[in-house]
Amino acid sequence: MNQESLLEQVILFKGLSQEELRLVESVGKVRRYEKNEVIFNEGTQALYLYALMEGRVKIFKVSFDGKEQILHMVEAGEPFGEVPVFEGGVYPAYAMTTMPSIVFSMGRDDFMKLIRQYPEMSFHIIGFLCKRLRQFTKLVEDLSLKEVPGRLATYLINLYYNKNRSLRFELDINKNMLAAILGTVPETLSRAFFRLKALGVIDVDGSVITIKDLNGLEEIAVVGR
């Protein structure tokens, strides 16, 4: 797949013609990153907007004691680093690849020129930012109101719907990363898996999860423990 084909999969650039995509490509840069490469650091000046063309990127913060909290997993087609670029501030978190990835980047001034030239891009951005706000609101709710088994149940329910409602699916990230997403540590996550298994709502075989009692799992997700 060529770079223009990859670019047209990015949410911000959907609907642009091939000529317009070539213009976008001409003012940006495409770079391949290896696994676990840092794209930007928390606190550095936000000079570039990024879009993930292939692979996966985690956006995360690190506490004073070294604990990692993943705020969002960026999937192919999603922009990231967009809010501080608009504000002209600094990146509020770290961005790092979790697998070999292809990333498109564009300078802030060039991006603002494109917005003025193609106003329809603004609607894509507004819609995407609203979706991201809902995700962060849900993350805050889960971390503050739910215990780890409830957070895990919520995550598995979301995977169930994202996997075409299949009751048997494979976790698409390792358990250390899942623990960071759920705001806990691997040992506590393992106990949460054991509890859900003991309650008879799931079965675990390595990274493969089988939901045995969907209603029971949903109830735990709602109650939060």
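Once the stretch 64-113 is narrowed to residues that are under 21 Å from Arg31 (Cβ atoms), out of contact with any helix residue (DSSP H, G or I) (no Cβ under 9 Å at 6 or more places or on another chain) and of a type in the set (Phe, Trp, Tyr), the residue that is most open to solvent (accessible area, probe 1.4 Å) is Tyr94. Within the stretch 144-165, residues that are exposed (fewer than 12 other Cβ atoms within 10 Å of the Cβ) sit with their Cβ atoms under 9 Å from residues that are modelled with pLDDT of 90 or more, at 6+ positions apart or across chains, in these pairs: Asn162/Phe169. Of the strands (runs of 3 or more DSSP E) lying entirely inside the stretch 163-225, the ones with 1 or more residues being among the β-branched types (Val, Ile, Thr) are found at 202-205, 208-211. Count of the stretch 114-126 residues, restricted to those that are touching a residue at least 24 places away in the same chain (Cβ under 8 Å) and open to solvent by less than 40 Å² (accessible area, probe 1.4 Å), is 4.
Within the stretch 15-42, the residues that satisfy the criterion of being farther than 22 Å from Gln117 by Cα and surrounded by 12 or more Cβ atoms within 10 Å (Cβ to Cβ) are Arg31, Arg32, Tyr33, Lys35, Glu37, Ile39, Phe40, Asn41, Glu42.
The residues in the stretch 192-205 that are in contact (Cβ under 8 Å) with a residue 12 or more places away in the chain and surrounded by fewer than 14 Cβ atoms within 10 Å (Cβ to Cβ) can be counted, and the count is 1.
The values are calculated or read from the model by the stated rules, or taken from the named source; none is laboratory data. The shown structure was predicted, so the numbers you read here are calculated from the model rather than taken from an experiment. A quick note on method: Cβ atoms are made from the backbone with ideal geometry, for glycine too, and the neighbour counts reach across all protein chains shown. For the accessible areas, the whole protein counts, side chains as well, though only heavy atoms, and no ligand, DNA or RNA atoms are used. Shrake-Rupley method; radii C 1.70, N 1.55, O 1.52, S 1.80 Å.
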